[in-house]
Amino acid sequence: MSVSGQIRQLPPDLVNRIAAGEVVERPASVVKELVENAIDAGATRIDISATGGGLGLIRVADDGRGMDADDLQLAVERHATSKLADETLSQIATLGFRGEALPSIGSVARLTIQSRADGAGHAHEITVDAGAKSPLKPAALNGGTTVEVRDLFYATPARLKFMKSERAETAAITDTVKRLALAQPEVGLSLTFGSRASLRLSPCQPGLLDDALARVGRILGDDFVRDAMPVKLTRNGITLQGFAGLPTLHRPNGMQQHLIVNGRPVKDKLLAGAVRAAYGDYIPSGRFPLLVLYVTLPPHEVDVNVHPAKAELRFRDAQTVRGMIVSGLRDALGAAGHRATNTLSDVALARLSERVNGPIGGWAPPANAPYSQPYRASDRALYGMAERAQSPLGEIDRPSADTRPSDAAEPAADSNGSPVDYPLGAARAQLHDTFIIAETEQSLIIVDQHAAHERLVYERLKKSYANGGIARQMLLIPEIVELDEDRTSRLIEAADKLELLGLVIEPFGGGAIAVCETPAILGQGDVKGLVSDLADELCDEETDAQLLAERLDHVLATMACHGSVRAGRRLNGEEMNALLRDMEKTPYSGQCNHGRPTYVELSMAEIEKLFSRR
C-alpha cells in the first residue's frame, strides 16, 4: 500500500540522483568510475588530479579512443554504453558496462567532458550541471578524453554532510588508484593532489609478471618485494598468478591484500576467505598477510553484475576458484621453506641500536657507580644480551651450552668433498636456556627454541595423520586429569575423534578423565595442560565434538605446543644443531603455530654498521 495513495513515476533528474547514491558514494568512487572508463577506452596513460579531497575538483585525462559528437552526447544519458555489443550480460569483457556513472556524477556535481575521436579534426565539449545538460561546443584537445568534476555533491547537500575529512578522502582516492594500478600494470598512471605529485607509475611490459613486481614494490613497499613468493597455477581454464608475502610479513588489516579478477580489483568474501584458509595458522590471529593475486578466467564463468560498484563477484564454479587460491598459496608457502621476513632483522637491529647508542627509558647508572655494581631486578637498564644475568658480566666464562666444535656443529661435506651450506648455520651458544645462537659465514642467527620445535612437532603430527594415523604411546600409569563435569563430558563425547589423533582417554569418575595413551611424538609432554586446553576448545560455543575434525589443524597445533621443547631447557651442541637442521628441512618453520617468528637473522654487514665499523 502506498503512502500517498497514488503511484507516480519519478522524474529523470531524481532518478539520476538516486542512481548516484548507488554508484557515487564518495570522491574515490568518482575516480574509480572515470579511470575504469579510460582503461576501457584503451588508454595507455591516465593522469588523475584532485583538490579538496576530491570534493573541489577531480580531473581524469587519458590518451585512449576519444568520442565523436554523437557519442559524447549519448555518454551523459542513463543506460547508454559502448561496452555491450548486444543484450548479453554473460560475456562482460570490460570494467564498466552499466552506463550509469557519467549521468549519475552529472546529477550531483558540475561535470565537463572534452573528447576527440581518433582521426577527428577537433574535439567537442559537453557540460552537465546538477543534471542540466548544455549544448555541445568545440574544444581544444590533442586527443583522448578529459573529464572534470567540480563541486561534488553540491546538488545533494545532505550527502555532502556525510563526507569525511579532506585527509580521509584523499587517502581513499590514493587507495583506489593504487588498486587500479596493480590491476592494470600495463597502463601508466599519475596522481596529483593540488601541486603535490603523489604517485607516478610507468607502464609495465605486457605479459611479464616479473616486470609488474617493480610496480608492486612501488605500492606495497620494498619489504614486500624482498619477501614476495611467486604464485602460479592453471586449472580448468582458470589461471592464478601473482605474489604472496611470507607469513611473518603481516599487517593489522587487509588493506594490502589485492585480489584482481580479469583485471578488476575486487573485495570479494570468497577470495578473502580462501586467503585466510591458505595462510591458516601461519600468521597470528587478527593479522593479515600481504599479497597481490591475479585470477583470469573466461568472462562467462564469472558474474560481475552483482553489485552497482562491481566490487563483489559471483563465480560459476566457486569451489574451483577457492581451491586454486588455497593450493597456489600453500605451494608458494611450502616452497619458501624456513624463510622468514627480512623486516625482522631491521626491527632487531633498531632495538639493539637503542641499547648500544643510549640508555633505555631515560635510565642511566649513577656517575660514581663502579662497573662491578651488582645487577638488580629493579634496574631498568638492559645489559645487551645479559638481561637476566645476576650481573652484567656474571658467568660469562661458563656458556649455557657446549659450544665446542663438533661434527654436528661444523659444516659437513658432500660426496665430492665440497662443504655443505647450512642456511641456519652452526650452533655456537644457548642464551638463557631459551635462544640458540647460530653462526653462518655471513650472519648471526637467533632461534627461539620453543617456537621452532613447536612448528616441527606440528608438521610431523600433520604428516603422520595424513599418512594413516598418529602413532601412540601407552602410559605405564594413566594420567588422571580432574575437570568440571561439563568439560569432562565434552571430552568423552569426542573420545573417538581424539583417538584418531593419538590421544586415548577414558572416564574416571564424575569430574575426571584418565589419559591412557598419547601421541608418541609428544614424548613426555604436558599431558594435563594439553587435555585442559582441548577441553576449553570443545567448550567454545562454536565448537563441538562433530566439528572437531574440521578444526583438526587447530587441535594438532595445541598438541604440538604441549609437546615441544620448552624455554628454559638446556640443550647441548648436538641437540641445537639437530634442531637447526630439522628447521631447514621443514616447510613453514620460519614461524610457529601461532604465527610468531622462530628466528631472526642479522648479517655481518648489519652488525658491523651497528658498531660503526662500516
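Read the figures in this text as sums done on the coordinates, not as results from a lab. These numbers were taken from a predicted model, which means no experiment stands behind them. With ideal geometry, Cβ positions are generated from the backbone for all residues, glycine too; neighbour counts draw on all protein chains shown.
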Open item on the list: Taking 0.36 nm per residue of sequence separation and subtracting the Cα-Cα distance, how much length would be gained by fully extending the chain between Lys463 and Asp484, in nm to one decimal?
Closed with: 4.2 nm
Task: Greater than 32 Å apart at Cα, pairs in Lys32/Lys269; Lys178/Lys463; Lys32/Lys232 - done: Lys178/Lys463
- [ ] Report the local net charge at His594: Lys and Arg +1, Asp and Glu -1, summed over other residues whose C-beta lies under 9 Å from its C-beta.
- [x] -1
- [ ] Pop a pseudo-label 7 angstrom from the Cα along the beta-carbon direction at both Glu312 and His300 and give the gap in nm to one decimal.
- [x] 2.6 nm
TODO: For Glu493 and Arg596, compute 0.36 nm times the residue count separating them, minus their Cα-Cα distance, and round to one decimal in nm.
DONE: 33.8 nm
Task: Extended-chain gain in nm, criterion 0.36 nm per residue less alpha-carbon gap, Lys137 and Ala272 - done: 43.8 nm
TODO: Could you work out how far apart the two model spin labels at Gln442 and Ser532 are, taking each label as a point 7 Å from the Cα in the direction of the beta carbon, and quote it in nm?
DONE: 4.7 nm
TODO: Between Asp70 and Lys164, with labels modelled 7 Å along Cα→Cβ, what's the label distance in nm to one decimal, could you check?
DONE: 4.5 nm
